[in-house]
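Below: one structure, written as structure tokens.
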Amino acid sequence: MKSIKDVVKTVKRPEKVLQFGEGGFLRAFVDWQIDVANEKAGFNGNVVIVQPLEKGMVEALNEQNNLYTTVLRGMKDGKPTVETRTITSISRSINPYTNFDEYIALASSPDLRFIVSNTTEAGIRFDSEIDGVPVTLDQKPQKNFPAKVTAFLYKRFKAFNGDKAKGMILIPCELSDQAGLNLRINILRYAEMWQLGPDFINWFDEACDVCSCLVDRIVPGYFPLLSKDENGKTQAENICEKLGYEDKLLDSAELFHFWVIESKKPHEDELPLVKAGLSVKWVQNMDYYHTRKVRILNGAHTSSVLAAYLTGSNYVQDIVCPEKVGNGFNEPNPDAGKFMHDVIFNEIIPSIDGDQDDLKGYANDVLTRFQNPFNPHRLIEISLNSIAKYWTRCLPSVTGYIAKNGSVPKLLAFSMASLIAFYNGTEIKTDEKGVKYLESKREDGVYPNKDTMPVLEFFAALNKETKDAALGDKAKVIVNRVLTNVEFWKEDLTKYAGLEKAVAESLESIQKNGMKKALSQVVNG
């Protein structure tokens, strides 16, 4: 079979976007959108990829002339759907550790306007030195990402004699709150440490816009495509046969995408993503969209999956799919499905300030995304660090509901009881990778409950202490200890009238009847 580079032609366009990061997410999210904007909105711009670390995959990209295919898969109109797109929006990929001159020459390019990145949230930090070596302006390049960007911008400032028309729009896509603000702060710290002068700082402040953003698309990447069918062929091989070329850089993602960019002003005139029909919003404050995602998408997971797991379910698709949808991994759990639906629409959404119709529309999209038969999502993986996740994702809905309605949300109280029931072990063990876990039990056996050591130690000790207590007393003692643990919640949750009683009653029901019966009772009345 011919390679993609023998079948698909590259497209020469002005290089308008500098991208730090060559991984699957950026290629299936940003570069895919740039490709769509080229086709549908006349953006007429290409991306230059810069490898942020010494080791990466730019050689593989260049070997394919930076061409690859996105494989978008999910539920559409109630049916499993696959959409492919050959991406031509990347012109070249550079390793600055081996080809610094080619990389830094981009700072003098008059066409360059945008910088995007995904170097992991840990990458946006300030280091005065790394491994005992000071971070300096003359390094080729700096290992620290904000330092690398600072040096690049300073080179551009000098190349164009401080021309404000040559400023840059930076959109870091790292998965951390206010990544743009953190990047801006660190750039200014390096400018001060390196004494780059007030003229550069003024140019950076006035000519450059550093945006925070919210990115929303699940990108499993290449590896899920390696599973084999009954004939021994991988999904990747079958896809390439249909495409008519070999592509070693296939990049799988879900159909859904959403990008909120928080900026001083919209840059749609220069980056016409909305015009291209993409799901993008330019906003001055993205707090609402962040709250919407955390409370509904993430909150639906954390409030529902622990109870579902304790009933014997193993995948998100068990919860949301009323019947098997393919790939043989889901066993429908209608009670868990009704619980997830009702907790979202009856308790989480009413606790959020904002357009209720918009929130409901987003929630319906979320449930459709959860049904995706191509991305099986294991509940035990979602359960990792559930205490911290409950605090950020679910507790604001609990307290918000109480504040708005003056009553305790029944299903969210049950979800908190399920959280406590999930941490039911008494022994902390170590897996083959050296990771500590609380060995906990459900009806079909034991499971590794993984969290921080303080959390594991708290529940192990509490469960040992209450092991022989009478059922009702046991639930009350455990709930009181958990809700008054200020280390978990940053406050004493027993101050919310009725919450402790509701959670204790739900936990007693779980302990007495088992999770299946307790869940059925709470959702079916």
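Residues are listed down the side, and each one gets a yes or a no for (1) at pLDDT below 95; (2) polar (S, T, N, Q):
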{"site": "Phe223", "(1), (2)": "yes, no"}
{"site": "Glu237", "(1), (2)": "no, no"}
{"site": "Cys240", "(1), (2)": "no, no"}
{"site": "Val260", "(1), (2)": "no, no"}
{"site": "Ala276", "(1), (2)": "no, no"}
{"site": "Val283", "(1), (2)": "no, no"}
{"site": "Asn298", "(1), (2)": "no, yes"}
For this session: Go through the stretch 98-213 and tell me which helices (runs of 4 or more DSSP H), entirely inside it, have 3 or more residues that are basic (Lys, Arg).
Result: 145-159
For this session: Within the stretch 57-73, identify whether any single residue is among the β-branched types (Val, Ile, Thr), open to solvent by 30 Å² or more (accessible area, probe 1.4 Å), over 22 Å from Asp138 (Cα atoms) and within 27 Å of the chain's Cα centre (by Cα), and answer yes or no.
Result: no
Exercise. Does Asn327 meet the test of being at pLDDT below 95, farther than 19 Å from Val294 by Cβ, polar (S, T, N, Q) and open to solvent by 10 Å² or more (accessible area, probe 1.4 Å)?
Worked result: yes
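Does Asp205 satisfy the criteria of being of a type in the set (D, E, K, R), free of Cβ contacts under 8 Å to residues at least 24 places away in the same chain and open to solvent by 10 Å² or more (accessible area, probe 1.4 Å)?
On the way: of a type in the set (D, E, K, R): yes; free of Cβ contacts under 8 Å to residues at least 24 places away in the same chain: yes; open to solvent by 10 Å² or more (accessible area, probe 1.4 Å): yes.
So Asp205 passes the test.
Taking helices (runs of 4 or more DSSP H) that do not extend beyond the stretch 474-525, which have at least 3 residues that are surrounded by 22 or more Cβ atoms within 10 Å (Cβ to Cβ)? Quick ask: steps written out before the conclusion?
Values: elements: 486-489, 499-513, 515-524.
Of the helices (runs of 4 or more DSSP H) lying wholly inside the stretch 474-525, those with at least 3 residues that are surrounded by 22 or more Cβ atoms within 10 Å (Cβ to Cβ) span 499-513, 515-524.
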For this session: Only one of these is within 24 Å of the chain's Cα centre (by Cα) and in a loop (DSSP other than H, G, I, E, B): Asp358, Asp353. Name it.
Result: Asp353
Exercise. Quick one: which of Lys155, Lys166, Lys140 is farther than 18 Å from Val210 by Cβ, touching a residue at least 12 places away in the same chain (Cβ under 8 Å) and either surrounded by fewer than 20 Cβ atoms within 10 Å (Cβ to Cβ) or touching a helix residue (DSSP H, G or I) at 6+ places or on another chain (Cβ under 7 Å) (or both)?
Worked result: Lys140
Problem set entry | Members of the stretch 169-196 that are more than 15 Å from Leu214 (Cβ to Cβ), open to solvent by less than 60 Å² (accessible area, probe 1.4 Å) and β-branched (Val, Ile, Thr) | Ile169, Ile187
For this session: Would you mind stating whether Tyr437 is farther than 23 Å from Val305 by Cα, among the hydroxyl-bearing types (Ser, Thr, Tyr) and open to solvent by less than 60 Å² (accessible area, probe 1.4 Å)?
Result: no
Problem set entry | Hits in the stretch 259-300 (condition: surrounded by fewer than 15 Cβ atoms within 10 Å (Cβ to Cβ), in contact (Cβ under 8 Å) with a residue 24 or more places away in the chain and not basic (Lys, Arg)) | Glu270, Gly277
Exercise. If you go through the stretch 447-468, how many residues are free of Cβ contacts under 8 Å to residues at least 12 places away in the same chain and among the aliphatic types (A, V, I, L, M)?
Worked result: 1
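The values are calculated or read from the model by the stated rules, or taken from the named source; none is laboratory data. Please read all numbers here as calculations on a predicted model, not as lab measurements. Cβ sites come from the backbone with ideal geometry, for glycine too, and all protein chains shown count toward neighbours. In case anyone asks, the SASA skips ligands and DNA or RNA and just uses the protein heavy atoms, side chains included. Shrake-Rupley method; radii C 1.70, N 1.55, O 1.52, S 1.80 Å.
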